[in-house]
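**Q** Below: one structure in structure tokens.
The values are calculated or read from the model by the stated rules, or taken from the named source; none is laboratory data. Nothing here was measured: the structure is a model prediction, and the numbers come from that model. Cβ: placed from backbone, ideal geometry, glycine included. Neighbour counts: every protein chain shown. Accessible surface is based on the protein model in full, side chains and every heavy atom, while ligands, DNA and RNA are left aside. Shrake-Rupley method; radii C 1.70, N 1.55, O 1.52, S 1.80 Å.
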Amino acid sequence: CFISLRTFTRQGTCLFRPQFGILCRHAVPMGTTANEEMNTFWAKNNKLNRPMSPHLTIYKWSMPMMMSITHRGTGVGLSGGISAFALLALVLPGNYPYYLDLIHSLSVGPALLSLAKFGIAFPVSYHTLNGIRHLFWDSGKGFKIPEVYRSGYVVIVLSILTSIAAIAYM
């Protein structure tokens, strides 16, 4: 009398493991599919008149939320900028001094040049200082709400000051 492996797998028993050659039992029987589980979930929520999950638009924007988004954005922007610069350095003809002379020959005004320098310096300083803030959080310090706001304002002010200092130095 032959009983298929599928019959026993549905009941939670595995008859054959070639690497071990022994009988074993699964922790959870394979009884339902993901689609059945999803349909059960939505039927229960509809029956209980539960609302859909809230959307991002219902939240009140806060400084820590904006700083988190900005930290991620500066990280992506810096990664993309460095990658693009490296790729262009590999594929473009000429060398670094050639392109540096090309930029100097554009004769952009000091205001535009300062703005470009700030556009490079601020993401670097902000991402670095906010990363240090996150390292303090990783050690378990600074989680009280007033401390979160205070450290956030410190990061913003220091980022602006270090960016301005970098512009003045360059």
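**Q** Report the residue count in region 103-150 for those that are modelled with pLDDT under 90, open to solvent by 80 Å² or more (accessible area, probe 1.4 Å) and among the β-branched types (Val, Ile, Thr).
**A** Number of matching residues: 1.
**Q** Can you tell me how many residues within region 36-78 are open to solvent by less than 70 Å² (accessible area, probe 1.4 Å) and either farther than 23 Å from VAL157 by Cβ or among the acidic types (Asp, Glu) (or both)?
**A** Selection size over region 36-78: 2.
**Q** Any residue in region 155-170 that is open to solvent by 80 Å² or more (accessible area, probe 1.4 Å), under 22 Å from the mean Cα position of the chain (by Cα) and touching a residue at least 12 places away in the same chain (Cβ under 8 Å)?
**A** Within region 155-170 (the criterion being open to solvent by 80 Å² or more (accessible area, probe 1.4 Å), under 22 Å from the mean Cα position of the chain (by Cα) and touching a residue at least 12 places away in the same chain (Cβ under 8 Å)), the answer is no, since none of the residues qualifies.
**Q** Okay, next question. Which ones in region 65-81 are closer than 24 Å to ILE145 by Cα, among the aliphatic types (A, V, I, L, M) and under 10 Å from the mean Cα position of the chain (by Cα)?
**A** Selection gives ILE69 alone.
**Q** Follow-up. Please state which of the following conditions PHE8 fails to meet, knowing it meets all the rest: (1) more than 30 Å from TYR126 (Cβ to Cβ); (2) modelled with pLDDT of 85 or more; (3) part of a helix (DSSP H, G or I).
**A** Looking at each condition in turn, PHE8 falls short on (2).
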